[in-house]
Amino acid sequence: MKSGRNDQESDKQERSIVSFALGLGFAIAGPLAVFIILGVWLDSLWNTRPLFILLGIFLGIASAVYAFVRLVVLSNAESKSEDQNKQNKSPK
């Protein structure tokens, strides 16, 4: 019976890791894509190439780093909370 519980915990942990990886990918790629596309559009609108593309790259990287740090901090806090819950539930 214990192997069933371990399999469930293992599946839950795998889903958690995949979810974290996908969230991390979107947190990095999303802002980069949005700001670079916005920079290309503004450069074409005002004929200022490469000013806004470079600005878009810089802002995209800055917002991706912010999203990455926020996601890691939230994940770390959630992990600590789960560890504390497990410790509180375990018999002493």
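The values are calculated or read from the model by the stated rules, or taken from the named source; none is laboratory data. Given the structure is predicted, the values throughout are model-derived calculations rather than measurements. Using ideal geometry, Cβ is built from the backbone for each residue, glycine included, and neighbour counts are taken over all protein chains shown.
Taking the stretch 21-55, which residues are of a type in the set (Phe, Trp, Tyr) and surrounded by 16 or more Cβ atoms within 10 Å (Cβ to Cβ)?
Matches in the stretch 21-55: PHE35, PHE52.
Every residue, every condition in (1) part of a helix (DSSP H, G or I); (2) at pLDDT 90 or above; (3) touching a Lys or Arg at 6+ places or on another chain (Cβ under 9 Å), yes or no:
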residue: SER10; (1), (2), (3): yes, no, no
residue: GLN13; (1), (2), (3): yes, no, no
residue: LEU22; (1), (2), (3): yes, yes, no
residue: PHE26; (1), (2), (3): yes, yes, no
residue: ARG49; (1), (2), (3): no, yes, no
residue: VAL72; (1), (2), (3): yes, no, no
residue: LYS80; (1), (2), (3): yes, no, no
residue: ASP83; (1), (2), (3): yes, no, no
residue: LYS92; (1), (2), (3): no, no, no
